[in-house]
Each structure stands twice: as C-alpha cells, then as structure tokens.
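Notes to accompany the following structure.
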Amino acid sequence: MKKRFRYVPIISIIFGIYWLYFGLAEYGFWHGTAPGAGFFPTIVGLMLIGFSVWILKTPVVYKPGALQKRAFYPVIVALLCFVSIYLVGLIISMGLMVILWLLIIEKYSIFQSVITGICATVFIYLVFRIWLMVPFPKGLLGIF
Amino acid sequence: MENLQLLLSGFGTALTVQNLLAAIFGGLIGIVVGAMPGLGSLTGVALLLPLTFKMDPTTGIIMLAAIYYANMFGGSFSAILINIPGDSPAVMTALDGYPLTQQGRAGKALFTASFSSFIGGTIGIILLTALGPVLARIGLAFGPAEQAALILFALTSIGWLLGDDPLKGLLTTTFGLMLATIGVDQQLGQIRFTFGSVNLLSGVSFIPLVIGMFGFSQVMEMMLCKNDYDELACTKLTIKESLLKGSEIKSIIPTVFRSGFLGNFVGLLPGAGATTGSFFAYILEKKVGRERKNLGKGVISGVAAAEAANNAAAAGAFAPLLALGIPGSGTAAVLLGGLMMWGLRPGPLLFKEASDFVWGLIASMYIGNVIVFIVSLAIIPFLVKLLRIPTAILTPLIAVICIVGSYSVNNSMFDVWFMLIAGIIAYLFKTFDYPIAPLLLAFVLTPRLEQTFRQAFELSNGNPAIFFKSPIALTFIVLIVAFVVSPLVLKMFSKKKELSVKS
C-alpha cells in the first residue's frame, strides 16, 4: 500500500511562507551595502517552500505503524508532571513521575517502582540541588 | 617541534586532578552510554551538558570529549554481543562481530574492538596534534567571503551525506537555519520571530533544543522497543579468554593502521563523521584485506577495520572543529555549542587565543584514550549485566534527566516546554526518516554564517563578486553547487533507468 505522508513538508511550507513574509515585509531584505535582518529569513522561507514542494512531488512509502500511541506516553506523562510541578515542586514530581511510570506503564511491582523512584529523586537532589545549586520550583506546598 | 612543546604544556593542564577525574568520568559514562543500544554519543553528550555548567570550560569540554570518543569504544559492545549497534558508527562492527559471538568467540571480538579502537584513536589524536595547527594557519588566510563559503559548504555537504534522502537532509538543515534566525539580530538589533515572548529574545536556547531533539525523542523511541536479550543469559565473558594471541594481533595490525589513517581523513570532512569512516574502511578491507573473502562471516579483521576507523574519525573530527569552527558530526556540533556557551570561539584564532585550552584538550585525549582502553577491557566481564538493564527502567530515568537538565539551564519552565516540543518534533522527523543532526549543525553554524556573509558584502560595498574573486571561496561554491545538483542528477538517472527497465 502506498500513501503520501505530507505532515512535514506541509508544515514546512506554512513556516516558509511566514518566514518569507516577515523577511521581506517586516525586517528589511537589504540594509545599506549588506544584507538586512530579513535577508536570511527570506532565503530560509524560500528554501523551506522549495524543498517541501520538491518532497511533496516524490511518493513516500507508507510505513505501517510508523506513529504508535505508546511513543506519546512520555509526552502525556511530562504534561501531567508539569501540572504536578506547580503543586508539589519539581523534585517530588520527578520521583512521582518515575514511580507512576514504572507502576502504570511498565507494570513493575510497587517495591521496584518506589525504590527506583527514590534513587532517582536522591540523585537529582544531590547533583542538581546540592552540587549545581539549581533553585528548583517548590510548588504550592513549598517543600524541597 | 613547537607543537610538541605546546602538547607537553597541555599535559600540564590535562594532568590536574579535576581534569583527570573529568576524563575518567567521561570515559566511563561514554562506554556505558555507547554500549546501551539506542543511546548514542549525541544523547549522552546532550544529557550531560547541564552537568558541566559549574565546571571550568577546559574541564567541561574534556569530560564531553571523553564521552564522545569513549562512546566509539562502547558502541561496538552491543553490536558484537546482540547484533544491535549501540551507535551508528558500530553498524559495520556488527557485520563480523556478531558472527564471532555466534561462533563462541565474543571475547576475542570485544578485545579486538577495544584494541583497534585504541590504536585508531591514537592515530587520530597524533594526526590531530599535527594537523590541527596547520588547519588553523590555513584558516587564518580565510576572510569573511571564504568563511561564509566554507560554512555553506559544510551545511550543504552535511545535508547531503546524512540520511538516505539528501533532500530531507536539506530540509532539516533549513529548519536549523530557521531556528537560528529567532531572537535579536546580533548586528542590526532587529527583533525577529519571538512571537512576543521575552524568553526568545536571546534566541532559541541551545541546551533545551539539544536535550529535546536527542534525549526526549530518544525516550519516545525507546517506548517502542523492549530489550530481553535472552541469548545473553548463558554468555560468560572473562578478560583472560578474550585476550588475542601474538599472531592474531600481528594479523590485524596492517588493517588497524590502514583503517585508522583512512578513518581520520574521513573524519576531517564536514558531515562525514565516524559512521562514514567505518563504512569506507570496511569496504577497503573487503578490497585489500588478507581475509577479504571471509569478511562478513566472522573474522577479527572486519571488527578491527570498522573500529579503528570510527575512533580515528572521531578524533579527526576535532581538527576542523577546533581549527575552523566547523563540526564534522552531530556530536561535534554539540561540543561546538558547548564551547560557544563557555565564551570560547572555535576557529583559527582559538589555537592562539586559548592555547592552554586547546592543548589541554588534545593532551587529555591521549590520556583519556589510554584510560578508556583499560576501562573497556576491565568492563568485559560485566557487559552481559550492563546490556540486560531493562529499557523500561531507563526510559523514565532519561525523561527525568531531560526535564531537570533543561530546567537547570536558565531555571525556567519555558525551557522545559521548549525541550518537550523539540522532542516531539524530532521524534516525528525521525519517524518519517528526516535526519535531525543536520538541523543541529545548521543551528550552531548559522549565526557565524550570517555575520561573515554581511561582513563580506560590507567589504565589497554590496558586490557579490567577492565570492567569486577568491579562489578558495570559488572552490567551495563549485563544491556547493555540485552537492546540491548531484542528487537531482542522480534521481533523474535512476528514474530513466527505472523507465527503461519497465519498458
């Protein structure tokens, strides 16, 4: 079965038009004797459109199962984690993330998940908080 | 002679306790990351970049460089034991390495890989010592027009060389150019494509971009693969059984030297890198090697050719990086980004202005190469356990490092969001076979390209003939045209061939 995947070139064309418009109309293509701030964006816009159109002309073999739901689990986990960071802070959220990931997605035992989660949290705390002195957000609870 | 004196003073820098520890730590991590299937030097360097913030630039780059070349050692381990290369340069190693494992000679293959990597790496570093300053002197003759043409050539060749479809490489290169135009224009002060965000005024942050593109996208990919290498359960490896006999070492020496020199030459070319180096060395071995007829069936010279070449190429990639500011591979581009982050400007003047740094780094590579060789042998008995660490455990841990690492750059959640988006985009690119390393190279090189391009026009009062008057710039332009046009011509020929076959 053959099917054309058009996501990347079509998105590229949209970006290309945007870059081309702003390069030419807003930033200025030429400035005195040298290229202006819009010179490179214009070139980039033209290249994006050109290469994308060229790619669209070539058929792409459909890869069955190329995009799988499971690959996007980390994105969902990360988004939930961002919410958690605002509530309980970054360090605790990281620990929770590892524990829940192993428990729910990977079906590990509670013991294995908790031990791995605690180890990860301690590692982050020692390396980033103590050694690198990164001021992590503490969340609404204000701990760690 | 002058180089030797500078190298000796470099050893003074490299042999301080903190730099030595950085080389050892980088070497260890590089081997482990290299051995893990799916993780590569790019992911390793990208994830560890935030750890170097607190370090002195020399110490930081020594650690990152150690990760890079140690990765070449480690990449062969999984290629030999489970037929899955830890990193793309080890693809050719698997061709003979895995058959050797099937013959019950895994230990010999591992020792051959480490030994050849060590010799190949040493050849590469010696040539870097000799060629680096020469390249820098040549680079000093480059004006803005020549520099702009060189950068353009590097960008074009990288897009062409990486991936199966040069067109897709060129598109991702353009994406890199696009990202680099975001933020305040350095020379004219014009704000470009910030979408009203204060966070984008200084441009796209390099580390969250790299972590997202090479770390988080890797996490997404790893969700789809499980490692349960049951065949490894009964494999036991000892150092004693792995050692090669004198006659075996003698038989691979010509291969190692041949491949080392070839790999180093390939490593010097922008975009070619270690993968291409090992590929060419394997082809050469197939043409001239003593055991050419048995290559691919499990001979140690096949492993030796691929490993010597990829390590020599990895070392070779440092010459254009330090002397011309042109990275030879994706990992070298991250190193270049790291150097710029610390305020160093790789290029011809680096050898003069930051001589301590350059020679300290080169000296550390000699020391690191020995350390990594010893570690790679010592680790042999533990490799089976290392390779059996479940991907299921690694994925959440890498995801956590991606989030924490990108946050720690500017202590901002904006960077974490940016990392996540970059990761998703990179995953989509990878899924549809768009190479992402060219994007990174373009992103790193574009600010210099824009600057030199403008300077060239200012010098010539807006006359583009400046790019054609200089023989150096003209040569690069001819090469650029050849690189851009050749895929078109090749495609046309292949279409004609298809049509004639059909008719």
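The values are calculated or read from the model by the stated rules, or taken from the named source; none is laboratory data. Given the structure is predicted, the values throughout are model-derived calculations rather than measurements. Cβ coordinates were reconstructed from backbone atoms using ideal geometry, including for glycine residues, and neighbour counts include every protein chain displayed. Heads up: the accessible areas ignore ligands, DNA and RNA and are worked out on the full protein's heavy atoms, side chains in. Shrake-Rupley method; radii C 1.70, N 1.55, O 1.52, S 1.80 Å.
Pulled fully out, how much extra length does the chain show between B:Leu224 and B:Lys54, if you take 0.36 nm times their separation in residues and subtract their Cα-Cα distance?
57.7 nm
Based on a Kirkwood Rh over C-alpha pairs, give the Stokes-Einstein translational diffusion coefficient of chain B at 10 °C and viscosity 1.306 mPa s in µm²/s.
Estimated diffusion coefficient is 69 µm²/s.
Would you mind getting me the FRET efficiency between A:Leu46 and B:Ile138? Use the beta-carbon distance for r and R0 = 45 Å, nearest 0.05.
0.85
Over the Cα atoms of the protein assembly as shown, what is the Rg over Rh ratio if Rh follows Kirkwood?
Checking Rg against Rh, the ratio lands at 0.96.
Given 10 Å bins starting at zero, what is the percent of C-alpha pairs of chain A in each, up to the one with the largest pair distance?
Per 10 Å bin, starting at 0, the Cα pair percentages come out as 11, 21, 17, 17, 26, 7, 1.
Let me check the size of the stretch A:69-131 from its C-alpha atoms; what are the radius of gyration and Dmax in Å?
12.0, 38
Ordered by packing density, taken as the mean number of other Cβ atoms within 10 Å over each peptide's residues, highest first, how do B:118-127, A:37-46 rank?
B:118-127, A:37-46
Accessible area, 1.4 Å probe, largest first: how do B:Val370, B:Val334 sort?
Descending accessible area places them as B:Val370, B:Val334.
Can you list the residues, at least 5 places off or on another chain, whose amide H is less than 5 Å from the amide H of B:Arg192, using H built in the peptide plane?
Amide H neighbours of B:Arg192: B:Gly183, B:Val184, B:Asp185.
Quickly work out the B:Leu386-to-A:Leu24 label distance, labels modelled 7 Å from Cα along the C-beta direction, and quote it in nm with one decimal.
Computed distance between label sites A:Leu24 and B:Leu386 equals 5.6 nm.
For every helix of n ≥ 4 consecutive DSSP H residues, a contribution of -39,500 (n - 2.57) applies; sum these over chain B, divide by its total residues, and give [θ] at 222 nm rounded to the nearest 500 deg cm²/dmol.
-24000 deg cm²/dmol, from helical runs alone.
If each of A:Arg6 and B:Asp433 carries a label point 7 Å out from its Cα toward its Cβ, how far apart are those two points in nm?
It works out to 2.0 nm between the two label points.
Restricting attention to the alpha-carbon atoms of the stretch B:279-374, what are Rg (one decimal) and Dmax (integer), both in Å?
17.2, 52
Using a 1.4 Å probe on the protein heavy atoms only, what accessible surface does B:Cys225 show? Give it in Å² to the nearest 10.
60 Å²
For chain A, what is the calculated [θ] at 222 nm in deg cm²/dmol (nearest 500), taking -39500 (n - 2.57) for each run of four or more DSSP H residues and dividing by its residue count?
-17500 deg cm²/dmol
When Cβ neighbours within 10 Å are restricted to other protein chains, what is their mean count per residue of peptide B:389-398?
The mean count of partner-chain Cβ atoms within 10 Å per residue comes to 5.
Calculate, for B:Glu2 and B:Ile253, the FRET efficiency according to 1/(1 + (r/R0)^6) with r their C-beta to C-beta distance and R0 45 Å; round to the nearest 0.05.
Rounded to the nearest 0.05, the efficiency is 0.90.
Hey, rough spin-label estimate for B:Asn461 and A:Phe72, points 7 angstrom out along Cα→Cβ, what's it come to in nanometres?
Reported label-point gap for B:Asn461 and A:Phe72 is 5.9 nm.
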